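Everything on this sheet refers to the single structure shown next.
The values are calculated or read from the model by the stated rules, or taken from the named source; none is laboratory data. Since the structure is predicted, the reported quantities are computational estimates derived from the model, not experimental observations. Neighbour counts run over all protein chains shown; Cβ positions are idealised from the backbone, glycine included. Keep in mind that these areas ignore ligands, DNA and RNA; they rest on the heavy atoms of the full protein, side chains included. Shrake-Rupley method; radii C 1.70, N 1.55, O 1.52, S 1.80 Å.
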Amino acid sequence: MPTAQVVPYWPASLTTERLLLRPVVEADTPVLTRLWTDVEVRRYLGGPLAEEAARTRARRCVGVTGLFTVVRRLDDTALGSVFVAPEARDGRTEVSYQLVPEYWGSGYAQEAVAAAVRWAAAEVPARVPGVVAVTQAANESSRRLLERLGATPAGTFVEWNAPQVTYRFDHCPTRPTPPPQRGDTPDGCRP
């Protein structure tokens, strides 16, 4: 019987001001299924999967090395996922991310991706140093997010019949300032 490969950096949990990134557990399969079947989430990712295929895929993701569920610490709500894949792109570690639409625009993706990139750069070995992320050229929101985190375009290719852009993180992103909360003064400081 084959044995599971032990990797020194996994399992891991990452904590930010508002989020916990933790390994996928069985209770996360509904949010993963939703990510893979949601038309808006999958617009730039090759389109939605069939419901049954997505459920099967989600069940197989429980405990997968490098796959984090993004959880809002305030109320333990699962918001999406971040995947850190060693040596995925030309020997470099790739970080990918998806959040369900109702959590878009709140800074959660930026916070989660920044934490994952910092962790990947510090802890995940790869043949070629560096961390990359890929997004479809037409996905302006994802491109802006990566650029806000300091990533720079490093190449293009075609996947899912659409142009993709590889972004490279030359420096680890700083800890992002959380977006202002209700009751904050205009400069983001608490009264």
Filtering the range 61-88 for residues that are open to solvent by 60 Å² or more (accessible area, probe 1.4 Å) and either of a type outside the set (Phe, Trp, Tyr) or touching a Pro at 6+ places or on another chain (Cβ under 7 Å) (or both) leaves a count of 5
Considering each residue of the range 90-109, count those that are closer than 24 Å to residue 156 by Cβ and open to solvent by 40 Å² or more (accessible area, probe 1.4 Å), and give that number.
4
Could you identify the single residue in 49, 79 that is more than 17 Å from residue 118 (Cα to Cα) and assigned to a loop (DSSP other than H, G, I, E, B)?
49
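The rows are residues; the columns are (1) open to solvent by 80 Å² or more (accessible area, probe 1.4 Å); (2) aliphatic (A, V, I, L, M).
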position	(1), (2)
7	no, yes
12	no, yes
18	no, no
49	no, yes
59	yes, no
Would you confirm whether or not the range 21-31 contains a residue that is part of a loop (DSSP other than H, G, I, E, B), modelled with pLDDT of 95 or more and within 18 Å of residue 103 (Cα to Cα)?
no
Restricting the range 63-91 to residues that are polar (S, T, N, Q) and in contact (Cβ under 8 Å) with a residue 40 or more places away in the chain, the residue that is farthest from residue 34 (Cα to Cα):
65
